[in-house]
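Below: the structure, in structure tokens.
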Amino acid sequence: MYEVNEICKNGSPLPLTTDGHLRIVFIGTGSAFAKRRRQSNMLVIQGDHHVLIDCGTQGPLALNDVGLSVLKVRCYHPTHSHADHIGGLEEVALMNRYTPNAEKPDMIILRDYQDLLWSKSLAGGCESCEANQGRPLQLNDFFNILRPQNIEIDGRKFWSYKHGPIELVIMRTRHFPDTAISVDESQWCSGVFINRRAWISGDTMFDEDYPIRFSKMAEVMFHDTQLFFGGVHASYQELNTLPDDVKSKMYLYHYGDNWDKPETWAKGATDFTGEPAKDGFLGWTEQNVAYDFK
Ligand SMILES: [Zn+2]
């Protein structure tokens, strides 16, 4: 069973611990360029362990919204190299290396993605921060690297990392370029299945096989969406074609700033209203509430 609870009552900071149960907080639920609900980054907390899945350009601000900072969050898991997912990691790296008494945070990342994240994105602002060291800095100068292992679920290959009681099952997704017809033709991008209870699609085009398959195992699913057809995300109208029993477990996130004005994007549609609860979904994913799994 999961329940939705209020956090940060009376302005108190979000605790990075729980009484032992799994808690998921979306510190942002918006699209890459959203201004109203920040970007789709989420904190996973259980017992005395936590992971921030993605830290976009607005990630440090979103942490500040809940009384936290990149110095407080000790473990990061980036899913792919778009700036709404990794644009805040330079701040994470530099703040934790150059703030007195700060310690190196952890990063859960596959070998396949580590070199790409560093060489194409983070190295530009990080590798030459210290002169006269004899070599450029590397990702592991800024983060303790935690490496997921190969696993199989129902005969299919995934990766898994157990961070204390939190298990992240990591799966490749087909996100970009929009011409990719398989994950093998796509740039690195991944989704996560947390403790085999909550499935988060990550950024992805519409691949109905994933939500249909994981709906059999997950208690609740969070799927990224966009409010128009085409491009590199699953559109609302495509997700609306999923079977009712899949939609009835699914919240939608990564939505544009006009999500609550369906007259601007769902007008003229004959098979959906633009209000997810009316269209058979659980609803929009809410920012800065706790999804608590008891
Ligand atoms: Zn993306």
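The values are calculated or read from the model by the stated rules, or taken from the named source; none is laboratory data. Given the structure is predicted, the values throughout are model-derived calculations rather than measurements. Ideal geometry is used to build each Cβ from the backbone, glycine not excepted, and the neighbour counts take in all protein chains shown.
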Residues being surrounded by fewer than 21 Cβ atoms within 10 Å (Cβ to Cβ), in a strand (DSSP E or B) and among the aromatic types (Phe, Trp, Tyr): count how many of those fall in segment 1-44.
1
Restricting attention to segment 165-221, which residues are of a type in the set (Gly, Ala, Ser), within 16 Å of the ligand (Cβ to nearest atom) and touching a residue at least 40 places away in the same chain (Cβ under 8 Å)?
Ser190, Gly191, Gly202
Of everything in segment 45-81 that's part of a strand (DSSP E or B) and within 16 Å of the ligand (Cβ to nearest atom), which residue is nearest to the chain's Cα centre (by Cα)?
Ile53
Kindly provide the set of residues from segment 82-107 that are surrounded by 22 or more Cβ atoms within 10 Å (Cβ to Cβ), away from the ligand (no atom under 16 Å from the Cβ) and assigned to a helix (DSSP H, G or I), ordered by number.
Val92, Ala93
Across segment 183-203, which residue is surrounded by the fewest Cβ atoms within 10 Å (Cβ to Cβ) among those that are modelled with pLDDT of 95 or more and of a type in the set (Phe, Trp, Tyr)?
Phe193
Any chance segment 236-250 includes a residue that's more than 21 Å from Tyr161 (Cα to Cα), within 16 Å of the ligand (Cβ to nearest atom) and at pLDDT 95 or above?
no
Among Asp244, Asp260, which is more than 23 Å from Phe33 (Cβ to Cβ) and surrounded by fewer than 19 Cβ atoms within 10 Å (Cβ to Cβ)?
Asp244
Among the listed residues Val192, Val232, which satisfies the condition of being of a type in the set (Val, Ile, Thr) and part of a strand (DSSP E or B)?
Val192
Quickly run through segment 75-92 and pick out the residues that are in contact with a strand residue (DSSP E or B) (Cβ under 6 Å, 6 or more places away or on another chain) and either closer than 12 Å to Phe143 by Cβ or without any contact (Cβ under 8 Å) to a residue 24 or more places away in the chain (or both).
Cys75, Tyr76, His77
Might you let me know whether segment 222-234 holds any residue that is buried (at least 22 other Cβ atoms within 10 Å of the Cβ) and away from the ligand (no atom under 16 Å from the Cβ)?
no
The one condition Lys157 fails out of (1) part of a strand (DSSP E or B); (2) crowded, with 17+ Cβ neighbours inside 10 Å is (2)
Tell me, yes or no, whether segment 204-220 has at least one residue that is hydrophobic (A, V, I, L, M, F, W, C), in contact with a Gly (Cβ under 7 Å, 6 or more places away or on another chain) and crowded, with 17+ Cβ neighbours inside 10 Å.
no
Could you check, for segment 203-223, whether at least one of its residues is over 20 Å from the mean Cα position of the chain (by Cα), aromatic (Phe, Trp, Tyr) and assigned to a loop (DSSP other than H, G, I, E, B)?
no
